[in-house]
2 protein chains.
Amino acid sequence: MKTFTIGQVAREARVGVETVRFYEREGLIEEPSRRASGYRQFDEAVVDRLRFIREAKELGFTLNEIKELLSLKLDPASSCGNVKDRAEVKIADIEEKIRTLQRMKRALVKLTKACSGDGPTSECPILESLDGRGKQ
Amino acid sequence: MKTFTIGQVAREARVGVETVRFYEREGLIEEPSRRASGYRQFDEAVVDRLRFIREAKELGFTLNEIKELLSLKLDPASSCGNVKDRAEVKIADIEEKIRTLQRMKRALVKLTKACSGDGPTSECPILESLDGRGKQ
DNA sequence: GTAAAGCCCGTACCGTACTACGGAGTCAAG
DNA sequence: CTTGACTCCGTAGTACGGTACGGGCTTTAC
C-alpha cells in the first residue's frame, strides 16, 4: 500500500504541511504511524480526509463543526438524519449571511449613488451619512 | 459644552467601555482630554465618531479600513472620489462574498436533497460526497 | 560522499476585534 | 460621611485558523 510523507499528503490535498500538523493536534485527523526515523507515514485515506476538511470549510463549516461531522460518522448510533439536520442548519446560516451582506450592499450602493465623486471629503455624502446626525 | 465620561459615550454610541479604550489605543479616536483625577473627558464628536465606526463596521468595513476612511477625511488633498472608490471596492467585495455563499448553499442544498435522512451515516450521501472520491 | 530538500519538535506569533481581571483611586447620591 | 457605581491602568485571555522559527536529524538524488 502506498504511503505518503507529510509533504506529499499536503500537496495532494492542497493544504500546507503545518496545517496537517495542526489538524493532527486538533484531532481532525488521526495520529499517523511513524517510520523508524520518526517521520509520519500517511495513507490515502488521510488525503481524502484532508480534502473533506478543505471542502467542508469551503462550504462554510468551521473546524469544530467538521470535527462533529466526522464524529457523527464514526458513531454507529447516529443516523444520516443527524448529518442532514446539520447541513440544513448550515444552509440557514448561509442564507442569513447572504441577507446581511445584501443589506450592507444596498446601503453602500445608495451612498455611492448620492456621491458625485467630486468635491472635498468635507462634503462627501458617504462620510456625512456615517459620521453625521450630530454634525448638521 | 457638555462632556461625557467613558461610560456615557459608550452608552450613547452603544459600544462597550473597554471597546472605547481599545479604539483609543488603536488610534480610531483621538486621545481625550482628562480631568484632574485622570478621568477621560469626551465631547459629543466622539459619540458621533463611535457611531460612525459601529455603522461602518455594520457595512462590512474592517477597523483598518475605517481608520483609512477617517484619515482620508482629515487629508485635505483627498477628495470625495477617494471615499467613493473605497466604497465601490467594498461593494465588489461584498458581491464576491455573496457569490461564494451562494455557491456553498447550492452545493449543500443539492446534498441534502440527495439525502433521505434515514439510514446509517455510512450511507450518507452528504458525508460520502465530502469524504468520497477515494472511498468508492 | 555530499548537498539539498524534507522532516522532526515545541513554541511563539499573526490578524481581527474585542473582553476580562484586579487592585486602587474617584465621584455622586443620600 | 459612607457606599456603591464608575474609572484608572496594564496585562492577559478569547476564538479562529492557521503560519513561522530554528536547530537538528533523515532522506534523496546525483
Review point. In sequence order, what are the phi-derived ³J(HN,Hα) couplings for segment A:116-121 according to the Karplus relation 6.51 cos²θ - 1.76 cosθ + 1.60 with θ = phi - 60°, rounded to whole Hz, with x for glycine and proline?
Key: 6, x, 8, x, x, 5
Check your understanding: Measuring label to label, 7 Å along Cα→Cβ, what does residue A:2 give against each other copy in nm, shortest first?
Key -> 7.2
**Study point:** trypsin sites (Lys or Arg not before Pro) within segment B:1-109: DSSP coil, no more than 14 neighbouring Cβ in 10 Å
**Key:** B:2, B:14, B:35
Review point. How many Å² of accessible area per residue for chain B, probe 1.4 Å?
Key: 57 Å²
Exercise for review: In debye, nearest 20, what is the charge dipole magnitude of chain A about its Cα centre with +1 on Lys and Arg Cβ and -1 on Asp and Glu Cβ, if you could check?
Suggested key: 220 debye
Practice item. Rounded to the nearest 0.05, what FRET efficiency do residue B:43 and residue A:114 give with R0 = 35 Å and r taken as the Cβ-Cβ distance? Could you check? Key: 0.80
Practice item. Could I have the simple spin-label model distance between residue A:122 and residue B:63, label points 7 Å from Cα toward Cβ, reported in nm to one decimal? Key: 3.1 nm
Check your understanding: Ballpark to the nearest 100 Å², how much total accessible area do B and A bury together, probe 1.4 Å?
Key -> 4600 Å²
**Study point:** Sequence-distant residues sharing a close amide H with residue B:28 (under 5 Å, placed H)
**Key:** none
Point to revise | chain A - Cys residues lacking any other Cys C-beta under 4.7 Å | key: A:115
Study note, to complete from the structure: Rounded to whole angstrom, the alpha-carbon centroid of segment A:12-38 lies from that of segment B:35-89 at a distance of 44 Å
Check your understanding: Got a sec to turn the phi values of segment B:30-35 into Karplus ³J(HN,Hα) couplings, 6.51 cos²θ - 1.76 cosθ + 1.60 with θ = phi - 60°, whole Hz, x for Gly and Pro?
Key -> 6, 5, x, 6, 10, 7
Review point. Dividing the convex hull volume of the Cα atoms of the protein assembly as shown by its residue count, what figure in Å³ per residue is obtained?
Key: 206 Å³
Point to revise | Percent carbon-and-sulfur accessible area, the protein assembly as shown, ignoring ligands, DNA and RNA, probe 1.4 Å | key: 49 percent
Practice item. With chain B rotated onto chain A, spot the residue of B whose Cβ lies nearest the axis and note the distance in whole Å. Key: B:98, 3
Point to revise | Whole-Hz ³J(HN,Hα) from phi, Karplus 6.51 cos²θ - 1.76 cosθ + 1.60, for segment B:39-47, glycine and proline x | key: 5, 5, 10, 9, 10, 3, 4, 6, 4
**Study point:** Net charge of neighbours whose Cβ lies under 14 Å from the Cβ of residue B:117, counting Lys and Arg as +1 and Asp and Glu as -1
**Key:** -1
Check your understanding: Distance in nm between label sites at residue A:77 and residue A:35, each 7 Å beyond Cα in the beta-carbon direction?
Key -> 4.2 nm
Point to revise | P(r) of segment B:1-59 over all Cα-Cα pairs, binned every 5 Å from zero, in whole percent | key: 4, 20, 33, 28, 10, 3, 1, 0
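The values are calculated or read from the model by the stated rules, or taken from the named source; none is laboratory data. Treat the numbers as computed from the prediction; the structure is a model and nothing was measured. Note that we place each Cβ from the backbone using ideal geometry, even for glycine, and neighbour counts take in every protein chain shown. Ligands, DNA and RNA are stripped out before the accessible areas are found, and what is left, the full protein with its side chains, is counted by its heavy atoms. Shrake-Rupley method; radii C 1.70, N 1.55, O 1.52, S 1.80 Å.
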